[in-house]
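Worksheet: one structure, shown below.
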Amino acid sequence: MSATAIAYSNIALIKYWGKADSVLNLPSAGSISATLAPLRTTTSVSWTRSEHDTVQFNGERSTGRDLQRIVGFLDLVRTSYDLEGWRAEVRTENSFPTAAGLASSASGFAALALAATAAADLDVTMTELSALARRGSGSAARSLHGGFVRMNAGSTAHPERAVASQIAGDDAWDLRAVLALTTVGRKKVSSTVGMNQTQDTSPYFDAWIASVEQSLPAAEEAINTRNFQVLAKLAEASALQMHASAIAAVPGVLYWNGVTVELIHLVRELREEHGVDVFFTIDAGPHVKIFTTPEYVDQVDAAVRKVPGVVETLHARIGGPAHLVDGESVLIGSTNR
Ligand code: PMV
């Protein structure tokens, strides 16, 4: 009744921002992401007959809201798969900073969904796993797959549509990411709170959702044809449109700091004045995620590190699917069933 799973983080190129249903966690629009290695969560789950669920996160016992969020997800696993009466011992570790806008909930809930179902020896398809992970965090549905991934919108009439599928595998296109961390510590406004506030109060929310539906097929085409320039344009527009809708909420949801803005200018300068293949994207935090090609990684990293206020840079490449492990060996690589 134990299993260990690894899932990689992912960064959306066409963003998800808005829920059609907050209980089922159905995204109002689709999204497209790149799975990123080596940023990963490793999670072990053991189902036991003890009284309570226990969660250890990076070696420390979780309490309060962090614990509640995991227990809520375990409750869902219990009711969905007839595991009433079983309690879980969860041990989870992130290889990167948590809850700072680096998509830790994406890799976290993907790894938890896979480990929890595998530990109970359940035979679940990738589509079921993706729908389960989505209930923990919308972006987690995408982290079950490697490479470039599309997540579909859902509606209360058709919740089953809100699952992720792969557009292209992790070896399809060797893009690299330089993640520029512009602060330390946890973000102040969670993505769920920021999204709800945008949806409830921003006059630009509907325009934002309409714009996503237009970007999705174009971004998918850019990935399939490896067209960096087109993807760059679409990804930057998606990030800025998402943040514009959030900033227009009342009160405005503003995740950026001054360094975020400096980095946007830098990326544009590198592209427009130095001919570098590079684009940025920004999630629910102040960090700037910069995509480039292998030949420009060192140049981009050196330029980013010169910006005052950049705390650290992390490097990533396109990652593979979530999988089960036993020690160092991969037991089951996930498929796209
Ligand atoms: O899935 P959540 O609740 O972590 O929300 C993700 C929101 C963004 O990271 C800003 C965009 C995205 O599509 O990942």
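Here are the numbers for the structure shown:
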item	result
Pairs with Cβ under 9 Å, 6+ apart, first in the range 181-209 and farther than 25 Å from residue 290 by Cα, second open to solvent by less than 50 Å² (accessible area, probe 1.4 Å) and of a type in the set (Lys, Arg)	196/19; 199/19
Residue selected from the range 29-63 under the condition assigned to a loop (DSSP other than H, G, I, E, B) and without any contact (Cβ under 8 Å) to a residue 12 or more places away in the chain, by the criterion surrounded by the fewest Cβ atoms within 10 Å (Cβ to Cβ)	63
Considering residues of the range 105-151 that are acidic (Asp, Glu) and within 19 Å of residue 1 (Cα to Cα) only, the residue nearest to the ligand (Cβ to nearest atom)	123
The range 192-219: number of residues that are touching a strand residue (DSSP E or B) at 6+ places or on another chain (Cβ under 9 Å) and open to solvent by 50 Å² or more (accessible area, probe 1.4 Å)	3
Residue, modelled with the highest pLDDT, within the range 182-191, restricted to residues that are within 13 Å of the ligand (Cβ to nearest atom) and open to solvent by less than 60 Å² (accessible area, probe 1.4 Å)	191
Candidates 244, 239, 235 - the one that is over 18 Å from the mean Cα position of the chain (by Cα), part of a helix (DSSP H, G or I) and within 14 Å of the ligand (Cβ to nearest atom)	244
Options 22, 9; residue that is within 16 Å of the ligand (Cβ to nearest atom), crowded, with 18+ Cβ neighbours inside 10 Å, of a type outside the set (A, V, I, L, M, F, W, C) and within 25 Å of residue 152 (Cβ to Cβ)	9
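Residue-wise test of (1) more than 15 Å from the chain's Cα centre (by Cα); (2) farther than 20 Å from residue 125 by Cα; (3) of a type outside the set (S, T, N, Q).
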| position | (1), (2), (3) |
| --- | --- |
| 28 | yes, yes, no |
| 38 | no, yes, yes |
| 49 | yes, yes, yes |
| 55 | yes, yes, yes |
| 94 | no, yes, no |
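The values are calculated or read from the model by the stated rules, or taken from the named source; none is laboratory data. Everything numeric here is computed off the predicted structure, so don't read it as measured data. Methodologically, a virtual Cβ is constructed for each residue, glycine included, from the backbone with ideal geometry; neighbour enumeration extends over all protein chains shown. Remember, those area values only see protein heavy atoms, side chains included, never the ligands or the DNA or RNA. Shrake-Rupley method; radii C 1.70, N 1.55, O 1.52, S 1.80 Å.
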